[in-house]
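Structure first, then comments.
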Amino acid sequence: MSLQASEFYAELYLPFLDHAVVGNTYFAAPVPGTPLRLRIDFSRTIYANTYGGLRLAVVHPDRGEIDAVTLSFVDHGTFHRRDEAANTHPNTKQYGTFGTYRPTGRPPWDGAVTNGLRDAIEQYSTVWFPGAWTASAPGRGAAHAAAPSRAVAVARSGTRAR
């Protein structure tokens, strides 16, 4: 079954103009004229056809993968509402994940809230691609833009994230 990856990535409202979705992978050239690329894949879990997050990688055409990070759906609250509504126990394979199985007519990631993932992608890509992410990025509503990111909130409070 298809993951409908292009629709999932579209809901993230990533601002990169030069991008493509091939299969289940998102590729972008965030800064035109530079060799670095951003690759985003769904990260697998130990269960077949079940995904627990996104894996971001910075790729150079000659040197290969330079850096990578995995963003867990649990850590970014992607399926928190869905799992709370379903009373899904944290030790089940459904908690904070999605798989290729789905009810007819719904995407496999139905119920996902992508704001936390988008903020984490923004923080990561800003390090590797300065200037590629702007406040006027597509999908960046006034309410979302006004909300400070977790990193900014932690920096302001002077406490360290655990």
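The values are calculated or read from the model by the stated rules, or taken from the named source; none is laboratory data. All values reported here derive from a predicted model rather than from experimental measurement. Ideal geometry is used to build each Cβ from the backbone, glycine not excepted, and the neighbour counts take in all protein chains shown.
Per-structure values
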read-out	value
In the range 3-33, the residues that are in contact (Cβ under 8 Å) with a residue 40 or more places away in the chain and not aromatic (Phe, Trp, Tyr)	3, 4, 7, 11, 12, 14, 15, 30, 31
Qualifying residues in the range 1-35 (those that are in contact with a Leu (Cβ under 7 Å, 6 or more places away or on another chain) and not hydrophobic (A, V, I, L, M, F, W, C)) - the one surrounded by the most Cβ atoms within 10 Å (Cβ to Cβ)	30
Failed condition for residue 65, given (1) loosely packed, with under 13 Cβ neighbours inside 10 Å; (2) modelled with pLDDT under 65	(2)
Residue that is at pLDDT below 90, surrounded by fewer than 20 Cβ atoms within 10 Å (Cβ to Cβ) and in contact with a Lys or Arg (Cβ under 8 Å, 6 or more places away or on another chain), where the choices are 100, 45, 104	45
Strands (runs of 3 or more DSSP E) enclosed by the range 1-77 - at least 3 residues per element that are within 21 Å of residue 118 (Cβ to Cβ) and within 12 Å of the chain's Cα centre (by Cα)	37-44, 50-60, 64-72
Residue list for the range 23-74, restricted to those being more than 24 Å from residue 130 (Cα to Cα), β-branched (Val, Ile, Thr) and in contact with a helix residue (DSSP H, G or I) (Cβ under 9 Å, 6 or more places away or on another chain)	74
